[in-house]
Amino acid sequence: MNIATGNQVLTVLGMMSGTSLDGVDAAILRTDGEGVAEPGARLFQPYDRQEREVLRAALAAAPLAAADIPPPAFAAAAAVVDAAHLRAIEALLDQARLARREIDLVGFHGQTVFHAPERRITIQLGDGEALARAAGIDVVWDFRSADIAAGGQGAPLVPAYHRALAVAAGLEPPLALVNIGGVANITWIGKDGELIAFDTGPGNALIDDLVAARAGMRMDEDGRLAAAGHVDDAALARLLAESFFEKRPPKSLDRNDFSIEPVAGLGLEDAAATLAAFTAEALARAARHLPRPPRRWIVCGGGARNPVILRQLAARVPAPATVETAGDHGWREEFVEAEAFAYLAARSLRGLPLTFPGTTGVEKPVLGGRLAMARPGEGARSASA
Ligand SMILES: Nc1ncnc2c1ncn2[C@@H]1O[C@H](COP(=O)(O)OP(=O)(O)O)[C@@H](O)[C@H]1O
Ligand SMILES: [Mg+2]
């Protein structure tokens, strides 16, 4: 709807598998890599229990991977990632009654299993070449390594898309788009599209870990446990006693940079309430690193479905700012990241930068992503101006 005339609009299928290990989000977006024409069909392809175990094992083995030799758990996990993404593509095409030739491009983020930018390491499992051949569609993948190689954090990558959404919606700056996935990140959009973005702290991963360990549950659905508990101030203070929150951006996190140990002595409900407050307080503290306070905080990602996190955040952002969800703006809050990787794939194909000094700390805007062809040797079918 805000596409400049003359640019080729591509139909791109973006996929994201976040560190929550819940499954693959897949969404179709019509875009030229600058404006957003329209969102299309979308689908969530959950991992089954066994797949999730394999991925968890890779995550657990990942810190040992830093010594250049991938742990054996990676190969098994990569196979799960490739298979699940291929299934997601096929299921989405099926559901939307689209033929594969109607999709110009796939954006394939893969599964992050380790992220240590200070050591210039970020590992996403998944083989874009294999996926392109199997799906019969060109794939842009490996979104993060060019930024890491250029000295950036390699994360977050969604800000460029957050800005496109905000521009298309005509929202007045300054505003913050917050993604609460396994970890949480913020995109601050200032006047003239100025971007500042960084990881803020935990998202849902600690809450997921807590309820998995204590109750065999997948998540604290609708924040029910947290709503029945009380925030333990001493435990919250211990959780917040990390230099990360004071550190100036750029900064990014690994899923396992925080631990649930400080809530180990609390009952389940109080522990869930305290972790929800931790996520909210870490987000609110991000405002210290912003040039001007956002007027609105718009929440996307799975955390937007946890009303306790939303309430805790609303209680902490300085008035008159409001806390809203992406859904309040007609965006598909659980699919914003998948759409972002569709958008970034289109940008990659057009040679537009994915990351910026304000988002990952690179010195100048950096291109990213690698193109894998469905039929190697034929030339990209949608290479455009
Ligand atoms: N209805 C809900 N109530 C509470 N939490 C939810 C709900 N739906 C999703 N979540 C949380 O969101 C997480 C998934 O969020 P997502 O944005 O997909 O993260 P990631 O990108 O890391 O996969 C789940 O693991 C869960 O913790
Ligand atoms: Mg997810």
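The values are calculated or read from the model by the stated rules, or taken from the named source; none is laboratory data. This one's a predicted model, so the numbers in the text were calculated from it and none came from an experiment. Reconstructed Cβ throughout: ideal geometry from the backbone, glycine too, with neighbour counts over all protein chains shown.
Numbers below:
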read-out: Residue within the stretch 125-136 that is under 20 Å from the mean Cα position of the chain (by Cα), outside the structural domain of Glu194 (by TED's automatic domain parsing), assigned to a strand (DSSP E or B) and touching a residue at least 40 places away in the same chain (Cβ under 8 Å) present; value: yes
read-out: From Glu34, Glu38, Glu53, residue being more than 16 Å from ligand 2 (Cβ to nearest atom) and assigned to a loop (DSSP other than H, G, I, E, B); value: Glu34
read-out: Candidate set from the stretch 183-206 (those that are assigned to a helix (DSSP H, G or I) and within 17 Å of the chain's Cα centre (by Cα)); member that is nearest to ligand 2 (Cβ to nearest atom); value: Ala205
read-out: Residue tally, condition within 20 Å of Thr31 (Cβ to Cβ), of a type in the set (Val, Ile, Thr) and buried (at least 24 other Cβ atoms within 10 Å of the Cβ), over the stretch 141-188; value: 2
read-out: Inter-residue pairs, beta-carbon under 8 Å, first at pLDDT 95 or above and in the stretch 8-21, second within 16 Å of ligand 1 (Cβ to nearest atom) and among the polar types (S, T, N, Q), 6+ apart; value: Ser17/Gln111
read-out: Among the candidates Arg347, Arg311, Arg292, Arg285, residue that is part of a helix (DSSP H, G or I), within 29 Å of Gly33 (Cα to Cα), away from ligand 2 (no atom under 16 Å from the Cβ) and more than 16 Å from the chain's Cα centre (by Cα); value: Arg347
read-out: When residues of the stretch 1-31 are limited to those that are within 19 Å of Trp331 (Cα to Cα) and touching a Pro at 6+ places or on another chain (Cβ under 9 Å), the one nearest to ligand 2 (Cβ to nearest atom); value: Val24
read-out: Any hit, the stretch 303-313, residues being farther than 26 Å from Leu206 by Cα, modelled with pLDDT of 95 or more and surrounded by fewer than 21 Cβ atoms within 10 Å (Cβ to Cβ); value: no
read-out: Flag if Ala273 is closer than 30 Å to Ala235 by Cβ and either surrounded by 15 or more Cβ atoms within 10 Å (Cβ to Cβ) or away from ligand 2 (no atom under 16 Å from the Cβ) (or both); value: yes
read-out: Checking Ala319 against (1) more than 16 Å from ligand 1 (Cβ to nearest atom); (2) within 30 Å of Gly128 (Cα to Cα), the condition it does not meet; value: (2)
read-out: Within the stretch 20-31, considering residues that are assigned to a strand (DSSP E or B) and within 16 Å of ligand 1 (Cβ to nearest atom), the one farthest from Gln8 (Cα to Cα); value: Gly23
read-out: In the stretch 287-312, the residues that are closer than 18 Å to Ala277 by Cβ and more than 14 Å from ligand 1 (Cβ to nearest atom); value: Ala287, Arg288, Trp297
read-out: Residues of the stretch 224-264 satisfying the condition of being in a loop (DSSP other than H, G, I, E, B) and touching a strand residue (DSSP E or B) at 6+ places or on another chain (Cβ under 7 Å); value: Pro249, Pro250, Lys251, Ser252, Leu253, Asp254, Phe258
